[in-house]
Amino acid sequence: MSMEQLSLFDHQKISQPLASRIRPEDLDGFVGQEHLVGKGKILRKLIEQDQIPSMIFWGPPGVGKTTLAGIIAGKTHAQFINFSAVTSGIKEIREVMAQAENSRRSGIRTVLFVDEIHRFNKAQQDAFLPYVEKGSIILIGATTENPSFEINSALLSRCRVFVLQALSQEQVTELLRRTLNSQKGFGYLSIDIADDLVDMIARFANGDARTALNVLEMAVSNGEISADKTTITPEVLQQCIGKKSLLYDKKGEEHYNLISALHKSMRNSDPDAAVYWLARMLEAGEDPLYVARRLVRFASEDVGMADSHALPLAVAAYQACHFLGMPECNVHLSHTVIYLSMAPKSNSAYMAYEAAKKDAQSMLAEPVPLVIRNAPTGLMTQLHYGEGYVYAHDTQEKVAAMECLPESLAGTEYYYPGDQGDEKETAGKLEQVKAWKRQHGWGNAKGDAK
């Protein structure tokens, strides 16, 4: 079909953005999410039977959340209202809810689709709750953020969450080829694009169909036009792609996913993975001081007594980041990440505190043993404060057989040294101290150890 043969209606449709133009109207044309909408899968059954509950579609951008809502709109016999959290407030919500309530009294169901529902604040989300509860509306929310963090628990408990996954490269490639051949897409043109360039777009999109279609549309618009075809060259495509924008939200779930990946890679002694996740964060614009603070924590939580040099190194990295900033401080962070990844690991300091914390919280009024109380006044001395205290420095062994825990906790052990790195030597020293104390009556004074 030539451009001259296109009707006015066709011209109007072609003027729409490509992603909107080729959006499928049924599940057979939907690409991806087979775990939800494949033959016999639950969401497909609910849509085909027009028995959808209130639900949340959670997934990264460009995976079909809005498209699924559109398919439901075409399938359901209910009134379908499309609502955007970006442009709507409490007033608009109340107006729509009143409309839905009137429809319910007339026996008409209302399906309300709220795009980017995470952008609504608590008060706005609360406005939906009574109408969802009494069935005035069937709510479909779409969000790129973790619903556990962004959706009110009361509202979330009344919705079923469906997790949509990023499209595979193969699925994005399939979508691009359909678009090139479809009359809704670029089938009315003769597009000359090599297979490897289609694959390049699919790789660049990183599972985001909308990104892939936008790049393809830009490439076609800027292609080399001749009498019989439009050619997309590697040079044109490279200009359309430009520098890749990394998926990253410094306040959203991906922020926590990446710092978790960095932390766990270091814990698993994998410097290659750790440096990769570090680079992902820094290149996406993360504050280097945030990363440095996490490394300081890691140095004691996961390396700890096995290598006590880790902590001053991590603190030095923080200071270097403060002095220099990005991009110069990336090498200091890389240095520290590699060191922490390869350092011997011990979580004994972390575990000791967590165990002691439980007792401390349940025994906040437990008295300090008299023997280790200070006695700055005569009255305190008369009350036996500090009686029996032995100044460890005055002894040959630099240790005394005193019980320093409250009586009810006598003998409790919180610190269990590991056998990695420097801590192996610490473990030996601790056992010698305990053995000496037992030999000098410490065990008898404190009774049976816990």
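Just a yes or no: is a residue in segment 186-198 part of a helix (DSSP H, G or I), under 18 Å from residue 17 (Cα atoms), open to solvent by less than 60 Å² (accessible area, probe 1.4 Å) and among the β-branched types (Val, Ile, Thr)?
no
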Residue 223 versus (1) at negative phi; (2) touching a residue at least 24 places away in the same chain (Cβ under 8 Å); (3) open to solvent by 30 Å² or more (accessible area, probe 1.4 Å): which is the lone unmet condition? (3)
Restricting to segment 47-59, what's the tally of residues that are of a type outside the set (Ser, Thr, Tyr) and open to solvent by less than 40 Å² (accessible area, probe 1.4 Å)? 7
Answer from 366, 397 - the residue that is over 47 Å from the mean Cα position of the chain (by Cα) and at pLDDT 70 or above: 397
Matching residues in segment 200-212 - criterion: being open to solvent by 10 Å² or more (accessible area, probe 1.4 Å) and either among the hydrophobic types (A, V, I, L, M, F, W, C) or farther than 22 Å from residue 24 by Cα (or both): 200, 203, 204, 209
Of a type in the set (A, V, I, L, M), open to solvent by 30 Å² or more (accessible area, probe 1.4 Å), assigned to a loop (DSSP other than H, G, I, E, B) and modelled with pLDDT under 90 - does that describe any residue in segment 1-8? yes
From the options 82, 146, residue that is among the polar types (S, T, N, Q) and either farther than 25 Å from residue 33 by Cα or open to solvent by 50 Å² or more (accessible area, probe 1.4 Å) (or both): 82
Of the residues in segment 27-46 that are open to solvent by 80 Å² or more (accessible area, probe 1.4 Å) and not basic (Lys, Arg), the one that is modelled with the highest pLDDT is 34
Residue 174: out of contact with any Ser or Thr (no Cβ under 7 Å at 6 or more places or on another chain), charged (D, E, K, R), within 18 Å of residue 68 (Cβ to Cβ) and open to solvent by 50 Å² or more (accessible area, probe 1.4 Å), yes or no? yes
Residue match in segment 307-330 (condition: farther than 27 Å from residue 286 by Cα and at pLDDT 85 or above): yes
Could you run through segment 199-239 and say how many residues are within 16 Å of residue 180 (Cα to Cα) and part of a helix (DSSP H, G or I)? 18
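May I ask you to verify whether residue 442 is open to solvent by 40 Å² or more (accessible area, probe 1.4 Å), modelled with pLDDT under 85 and out of contact with any helix residue (DSSP H, G or I) (no Cβ under 6 Å at 6 or more places or on another chain)?
Spelling it out, it is not the case that residue 442 is open to solvent by 40 Å² or more (accessible area, probe 1.4 Å), modelled with pLDDT under 85 and out of contact with any helix residue (DSSP H, G or I) (no Cβ under 6 Å at 6 or more places or on another chain).
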Every residue from segment 312-329 that is assigned to a helix (DSSP H, G or I) and touching a Cys at 6+ places or on another chain (Cβ under 9 Å): 317, 320, 321, 322, 323
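Quick grid of which residues meet (1) among the aliphatic types (A, V, I, L, M); (2) surrounded by fewer than 17 Cβ atoms within 10 Å (Cβ to Cβ); (3) touching a strand residue (DSSP E or B) at 6+ places or on another chain (Cβ under 9 Å):
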{"position": "304", "(1), (2), (3)": "no, no, no"}
{"position": "307", "(1), (2), (3)": "no, no, no"}
{"position": "325", "(1), (2), (3)": "no, yes, no"}
{"position": "340", "(1), (2), (3)": "yes, no, no"}
{"position": "358", "(1), (2), (3)": "no, yes, no"}
Given the options 104, 119, 109, 160, name the one that is of a type in the set (Lys, Arg) and touching a helix residue (DSSP H, G or I) at 6+ places or on another chain (Cβ under 8 Å). 109
Going through segment 47-62 in order, the residues found to be at pLDDT below 90 and aliphatic (A, V, I, L, M) are 47, 52
In segment 44-59, what residues are outside any loop (DSSP other than H, G, I, E, B) and either over 25 Å from the mean Cα position of the chain (by Cα) or charged (D, E, K, R) (or both)? 44, 45, 46, 47, 48
Restricting segment 151-170 to residues that are assigned to a helix (DSSP H, G or I) and surrounded by fewer than 19 Cβ atoms within 10 Å (Cβ to Cβ), which is farthest from the chain's Cα centre (by Cα)? 170
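The values are calculated or read from the model by the stated rules, or taken from the named source; none is laboratory data. Small disclaimer: the values here were computed from a predicted structure and weren't measured. Cβ: placed from backbone, ideal geometry, glycine included. Neighbour counts: every protein chain shown. When the accessible area is computed, the model is the full protein with side chains, heavy atoms only, and any ligands, DNA or RNA have been set aside. Shrake-Rupley method; radii C 1.70, N 1.55, O 1.52, S 1.80 Å.
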